[in-house]
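Following this message is one structure expressed as structure tokens.
The values are calculated or read from the model by the stated rules, or taken from the named source; none is laboratory data. Treat the numbers as computed from the prediction; the structure is a model and nothing was measured. A quick note on method: Cβ atoms are made from the backbone with ideal geometry, for glycine too, and the neighbour counts reach across all protein chains shown. Just the protein is used for accessible areas: all its heavy atoms, side chains included, with ligands, DNA and RNA removed. Shrake-Rupley method; radii C 1.70, N 1.55, O 1.52, S 1.80 Å.
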Amino acid sequence: MIESGLLARLEPLVDASRGKGVPLGVLMVGLQGLRELRIRSGYAAASELVERAGALLREALRPGDEVVELGRGDFAVLLPNLRDGQHALLAAARLLRQFEQPVVADGQPVLASVAVGIAMCPEHADQPDRLCRQAEQAMLMARHEPDRMRLCGDFPVAPGIDPADLLAAIHAGQLEMHLQPVLDIRRKAVIGAEALARWTHPVRGVVSPAVFVPVAENSGMISQFTRWAINASLQHAAEARAQGLALTISMNLSATAFAERGLVEQILGALRLWDAAPRDLVVEVTETAIVADLQRGAVQLKRLNAEGIRVSIDDFGVGNASVAYLKQFPATEMKIDQSFVTHMLGDLRSMQLVKAMIGFAHTMGMRVVAEGVEDTDTLQALADLNCNLAQGYGIGRPQPAAEFIAEFARNR
């Protein structure tokens, strides 16, 4: 097996790192969107992209560094004799720059999306298997970072999560929803919240969603997890309504959940169960989930929209999709990814892109949510650009649902 070969290759490098006291870096590099590329452009294009990616990685490395292909667009990069973690981050940035320009695959240009996770020996682990798992976890979290790289050690570590643990957590009530406020910029009032799943394991402690959501997706448990998430979200909407509060709940659907059969019936059944109005719910779907199965996805979203449920395109601007898919999808809302919003005041191109996306969304009849709003100056700039809604730490951090609803009631 390739993984066994990787661990065998790592053994002497780890021994040398421990013996000499010289750091060793392990980078896990993952290509995003290969399934969508296969659907859109064919298997030959996806296969050639993987081959070209391996070559680009090798071009950016020093003599003595190694690239090990793990399959499915995943690579391990071994960096012996580093100075420290910052040295590894510089190497990761160099690798990412290799993919800033389109890669020609099967005769057509493809803009590859890459995430890099980094773990250091002996700082983060001094055994090959543990070191690789740390780097894998960092890569999962890097997918959600604006710069698409993450160094292990600055997040709660919970490697080796067993799907049975997650299933037990769902049934035992270990999972809970936190709510993050969504602000109506013109009215300067909180009008809704995004529901974010959180898990505190009784032994491992806090487990990141970047860890447990992929476990649900890859273990066939996404249906159970999605059912829990839908019901938990609508339960909190019902609790708010019982206090006379109008609170719209936005919830994310992963690409895997979006492909599940019976999803629409599941959502409509939960609305009836909690006596919730369709307008109480916004379903957020990423571009990746949309383009994975355009025809089926369009049918599902049209059914939800016909019932009065709003549909939001999440993380708009960071996917590889063409905006042509918007012709088929009844989206009512666009969420501009935080990578554009957070730096818009100091980056003219980001400001211009945000302005263009707001104008485009309004032309398409969609309202706009800006993610990653950290300060009042950014909020004012968005108001000047006629953005509708805003979300970010500058407006409010996620907090347990009961606390959020109590605060929402006090500020009503």
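For the subset of segment 337-362 comprising residues that are of a type in the set (Gly, Ala, Ser) and surrounded by 14 or more Cβ atoms within 10 Å (Cβ to Cβ), which member is modelled with the lowest pLDDT?
So the first thing to find is which residues in segment 337-362 are of a type in the set (Gly, Ala, Ser), and the list is 339, 346, 350, 356, 359, 361.
Still in the running and surrounded by 14 or more Cβ atoms within 10 Å (Cβ to Cβ): 339, 350, 361.
Numbers: Ser339: 81, Ser350: 86, Ala361: 90.
Checked segment 337-362; the qualifying residue modelled with the lowest pLDDT is Ser339.
Any idea which of Gly372, Gly365 is on the phi > 0 side of the Ramachandran plot, within 23 Å of the chain's Cα centre (by Cα) and either surrounded by fewer than 19 Cβ atoms within 10 Å (Cβ to Cβ) or not in a helix (DSSP H, G or I) (or both)? Lay out the reasoning, then the answer.
Working: Gly365 fails: within 23 Å of the chain's Cα centre (by Cα).
The unique qualifying residue is Gly372.
Here is a follow-up. For Tyr393, all conditions in the list (1) among the hydroxyl-bearing types (Ser, Thr, Tyr); (2) outside any helix (DSSP H, G or I); (3) buried (at least 17 other Cβ atoms within 10 Å of the Cβ) hold save one; what is the number of the exception?
Condition not satisfied by Tyr393: (3).
For Glu36, only one of the following conditions fails: (1) of a type outside the set (A, V, I, L, M, F, W, C); (2) touching a helix residue (DSSP H, G or I) at 6+ places or on another chain (Cβ under 8 Å); (3) open to solvent by 50 Å² or more (accessible area, probe 1.4 Å). What is its number?
Here Glu36 meets the rest and fails (3).
Take the residues in segment 288-310 that are open to solvent by less than 30 Å² (accessible area, probe 1.4 Å) and in contact with a Lys or Arg (Cβ under 9 Å, 6 or more places away or on another chain), then tell me which one is modelled with the highest pLDDT.
Applying the first criterion (open to solvent by less than 30 Å² (accessible area, probe 1.4 Å)) to segment 288-310 yields 289-292, 297-298, 300-301, 304, 309.
Retained after the next criterion (residues that are in contact with a Lys or Arg (Cβ under 9 Å, 6 or more places away or on another chain)): 291-292, 304, 309.
Numbers: Val291: 61, Ala292: 57, Leu304: 87, Ile309: 92.
Going through the qualifying residues, I end up with Ile309.
Results for (1) touching a helix residue (DSSP H, G or I) at 6+ places or on another chain (Cβ under 8 Å); (2) free of Cβ contacts under 8 Å to residues at least 40 places away in the same chain, shown as yes or no for each residue.
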{"residue": "Asp347", "(1), (2)": "no, yes"}
{"residue": "Ala356", "(1), (2)": "no, yes"}
{"residue": "Thr363", "(1), (2)": "no, yes"}
{"residue": "Ala370", "(1), (2)": "yes, yes"}
{"residue": "Thr376", "(1), (2)": "no, yes"}
{"residue": "Gln380", "(1), (2)": "no, yes"}
{"residue": "Gly394", "(1), (2)": "yes, yes"}
{"residue": "Arg397", "(1), (2)": "no, no"}
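Would a scan of segment 25-42 turn up a residue that is among the acidic types (Asp, Glu) and closer than 21 Å to Gln134 by Cα? Spell out the reasoning first.
Filtering segment 25-42 for residues among the acidic types (Asp, Glu) gives 36.
Next, only the ones that are closer than 21 Å to Gln134 by Cα stay: none.
No: segment 25-42 contains no residue that is among the acidic types (Asp, Glu) and closer than 21 Å to Gln134 by Cα.
Residue by residue through segment 5-56, note down the ones that are part of a loop (DSSP other than H, G, I, E, B) and out of contact with any strand residue (DSSP E or B) (no Cβ under 7 Å at 6 or more places or on another chain). Full working, then the answer.
If we filter segment 5-56 for residues that are part of a loop (DSSP other than H, G, I, E, B), which is where we start, we get 21-23, 33, 42.
Across segment 5-56, the qualifying residues are Gly21, Val22, Gly42.
Moving on. What's the total number of residues in segment 47-78 that are touching a residue at least 40 places away in the same chain (Cβ under 8 Å), open to solvent by less than 20 Å² (accessible area, probe 1.4 Å) and at negative phi?
Qualifying residue count for the region: 9.
Here's another thing I want to ask about it. Taking into account only those residues within segment 170-205 that are more than 25 Å from Val373 (Cα to Cα), open to solvent by 20 Å² or more (accessible area, probe 1.4 Å) and of a type in the set (A, V, I, L, M, F, W, C), which is nearest to the chain's Cα centre (by Cα)?
Ile170
I've got another one for you. Inspect segment 202-216 for any residue being outside any helix (DSSP H, G or I), out of contact with any Pro (no Cβ under 6 Å at 6 or more places or on another chain), touching a residue at least 40 places away in the same chain (Cβ under 8 Å) and under 23 Å from Arg412 (Cβ atoms) and give the result as yes or no.
No, the conditions are met nowhere in segment 202-216.
Give segment 230-252 a look and list any residue that's in a helix (DSSP H, G or I) and open to solvent by less than 50 Å² (accessible area, probe 1.4 Å), or say none.
As a first pass, look at segment 230-252 and keep what is in a helix (DSSP H, G or I): 230-242.
Within segment 230-252, Ile230, Asn231, Ala232, Ser233, Leu234, His236, Ala237, Ala238, Ala240 meet the criteria.
Just checking, how many residues over segment 193-221 are modelled with pLDDT of 85 or more and on the phi > 0 side of the Ramachandran plot?
Final tally of qualifying residues: 0.
Per-residue answers, yes or no, for (1) part of a helix (DSSP H, G or I); (2) farther than 16 Å from Met177 by Cβ; (3) at pLDDT below 90:
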| site | (1), (2), (3) |
| --- | --- |
| Trp228 | yes, no, no |
| Leu271 | yes, yes, no |
| Arg279 | yes, yes, yes |
| Ile313 | no, yes, yes |
| Lys335 | no, yes, no |
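For segment 396-405, enumerate the residues that are open to solvent by 40 Å² or more (accessible area, probe 1.4 Å) and in a helix (DSSP H, G or I).
The answer is Ala402, Glu403.
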